[in-house]
Amino acid sequence: MKLTLIYPDVPFWRAETSRIALFIGGIEFEDLRPSRDAISRMKTDGTFPFGQFPVLQVDGKTLAQTGAIARFCGKLSWLYPENDFAAAKVDEVIDLATDITNKIRPALVEKDAEKGRKMRSELAETVLPHWLGFMETLLEDNGKTDYFVGESLTVADLAGWRLCGWISGGIIDGIPESILDAFPLLIAHQQKISSLPKIVEWIEKNRK
């Protein structure tokens with residue numbers, strides 16, 4: 001199977017979830033990180049079926065949408081449960097991570113500087129604490145496992161880990177690095193996933 005993951009080199013959680021899943025599973029893939037100019041061409045040449053990234057090409061066929069790609073890569077890497085309900089719980093986390101990202105996006109693309117500042121302030125003070133609380137509850141509901149679903153690593157953990165790492169990494173102007181301080185289970189989850197050998201290896205390989 002020939003896999004090509006097309007996503008620019010940006011800090012969002014979206015592409016990293018699938019990249020890391022394939023890396024953990026030992027699945028060979030072409031990691032294509034196009035430039036801004038290349039992306040503009042791809043938007044008109046049919047590479048992006050919905051006019052946006054990420055895109056995964058599988059033996060010449062195209063798969064779009066973040067969640068679909070993450071699930072596919074999770075299944076290839078044995079990071080996706082076979083039990084139907086557990087699989088749905090993984091989907092729940094991936095979709096929640098997408099919802100949170102969509103809450104953040106308008107503040108990142110707002111061209112009016114003052115309006116953007118106010119939007120990011122609202123994110124930090126009310127919106128993100130509200131939605132991160134949902135993620136905290138999912139960890140609590142799964143018991144003392146440090147994972148979102150079951151008792152072992154799934155692609156849901158990669159999605160949650162990357163999302164929270166992005167939000168709390170000091171990357172987004174106006175979002176404090178202390179944003180997770182009110183969520184001890186999310187902090188423990190960040191530490192747990194960050195310490196896994198394959199995650200450590202991935203970080204070392206991609207450190208800039």
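Stretched out fully, how many nm does the piece from E92 to I187 gain, at 0.36 nm a residue minus the Cα gap?
Details: separation 95, 0.36 × 95 = 34.20 nm, distance 1.97 nm.
The E92-I187 span can extend by a further 32.2 nm.
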| request: Give the shape of the chain as rounded, prolate or oblate, defined through the alpha-carbon gyration tensor: a ≥ b ≥ c are the square roots of its eigenvalues, a/c under 1.5 means rounded, and otherwise the shape is prolate if a/b is larger than b/c and oblate if not. | output: oblate
| In this model, which of K2/K198; K89/K144; K43/K198; K89/K118 are farther than 24 Å apart at the alpha-carbon? | K43/K198; K89/K118
| remark: Projected onto the charge dipole of the chain (unit charges on the beta-carbon of Lys, Arg, Asp and Glu, signs +1, +1, -1, -1), the Cα from G150, M42, G133 with the largest positive-side position is that of M42
| Pair I27, E125: separation of 7 Å Cα→Cβ label points (nm) | 4.3 nm
| Amide proton proximity set for K43, modelled H, under 5 Å, gap of 5+ | none
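For a quick protection proxy, order the peptides 25-32, 97-104 by their average other-Cβ count within 10 Å, most packed first. Each step should come with its number before you reach the end.
On the way: 25-32: 13.8, 97-104: 17.8.
In decreasing order of mean packing, 25-32, 97-104 become 97-104, 25-32.
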| said: Testing the spin-label approximation: label points 7 Å from Cα along Cα→Cβ at R117 and E204. State their distance in nm. | reply: 4.3 nm
| Considering only DSSP beta bridges with both partners in the chain, what is the antiparallel share in %, to the nearest 5? | 75 percent
| the chain: DSSP helices with Cα axial extent of at least 27 Å and average Kyte-Doolittle hydropathy no lower than 0.0 | 84-109
| Using a basic spin-label model with each label point 7 Å from the Cα along Cα→Cβ, how many nm lie between T145 and F85? | 1.2 nm
| remark: Distance in Å, no decimals, from the C-alpha centre of the range 120-140 to the one of the range 161-175 is 12 Å
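Since every read-out is calculated from the coordinates, none of them should be taken as a lab result. Model, not experiment: these values are computed from the prediction. Don't worry about glycine lacking a Cβ; one is built from the backbone with ideal geometry, like all the others, and counts go over all protein chains shown.
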